[in-house]
Amino acid sequence: MLALFTACNCASACQRIIQITLTFADGSADLDRTQIARLAGWIGNANAMFAKYTSAGVEAGATAKPPERTPKEAMQLARMRADNVALALKTLFPAPLDVEKFAHSYREKKSSDVDVNDFAAIQIYPDLKTSRLPDCNPGLRTAWSVNASSIQRTVA
């Protein structure tokens with residue numbers, strides 16, 4: 001189950017992101033039992049990793065397939081997917097969580113390793129202030145500051 005997690009260590013922001021991607025049947029915006037069970041298991045594992053999360057994001061996509069699905073209809077489908085996944089995430093998550101939603105309509109495949117763009121990617125962001133992780137920048141002091149008036153500019 002740990003393979004479901006993707007952790008990103010971003011040097012500039014020092015943020016860890018826990019992510020899962022759900023795929024949808026063509027034209028569907030509803031989560032089936034398998035997706036809900038997978039999401040619930042993922043949330044359980046995420047809560048075992050970190051005690052508290054600050055927010056979440058849901059990015060959903062849908063493919064435009066003219067003439068049966070226009071780009072506008074694909075965008076509506078992607079929005080419904082984002083709404084449904086955000087609702088499921090808020091319902092299953094054990095604590096209140098702010099969820100930002102994004103929707104995308106695609107005319108072509110997003111990447112070469114996927115057949116369609118019918119997905120929802122869920123990311124949750126742990127509260128690193130309450131975690132016991134080491135400082136991301138151990139060489140820098142947290143109280144360090146620069147007095148702007150002491151900086152001199154030298155022109156050559």
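The values are calculated or read from the model by the stated rules, or taken from the named source; none is laboratory data. A quick note: this is a predicted structure, and the numbers were derived from the prediction, not measured. Backbone-built Cβ (ideal geometry, glycine too); neighbour counts: all protein chains shown.
What the table shows:
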item: Residue pairs meeting the criteria (Cβ under 8 Å; at least 6 apart or on separate chains; first touching a residue at least 40 places away in the same chain (Cβ under 8 Å), in the stretch 22-44; second among the basic types (Lys, Arg)); result: Leu22/Arg38; Phe24/Arg81; Gly27/Arg69; Ala29/Arg81
item: Sole residue being β-branched (Val, Ile, Thr), exposed (fewer than 13 other Cβ atoms within 10 Å of the Cβ) and at pLDDT 90 or above, chosen from Thr21, Thr54, Thr91; result: Thr91
item: Selection status of Lys72, surrounded by 13 or more Cβ atoms within 10 Å (Cβ to Cβ), more than 16 Å from the chain's Cα centre (by Cα) and either modelled with pLDDT under 90 or over 21 Å from Thr21 (Cα atoms) (or both); result: no
item: Filtered residue count, the stretch 57-111, keeping only those that are over 26 Å from Asn45 (Cβ atoms) and part of a helix (DSSP H, G or I); result: 10
item: Number of the condition not met by Ala46 [criteria: (1) within 12 Å of Phe119 (Cβ to Cβ); (2) surrounded by 14 or more Cβ atoms within 10 Å (Cβ to Cβ); (3) among the small types (Gly, Ala, Ser)]; result: (1)
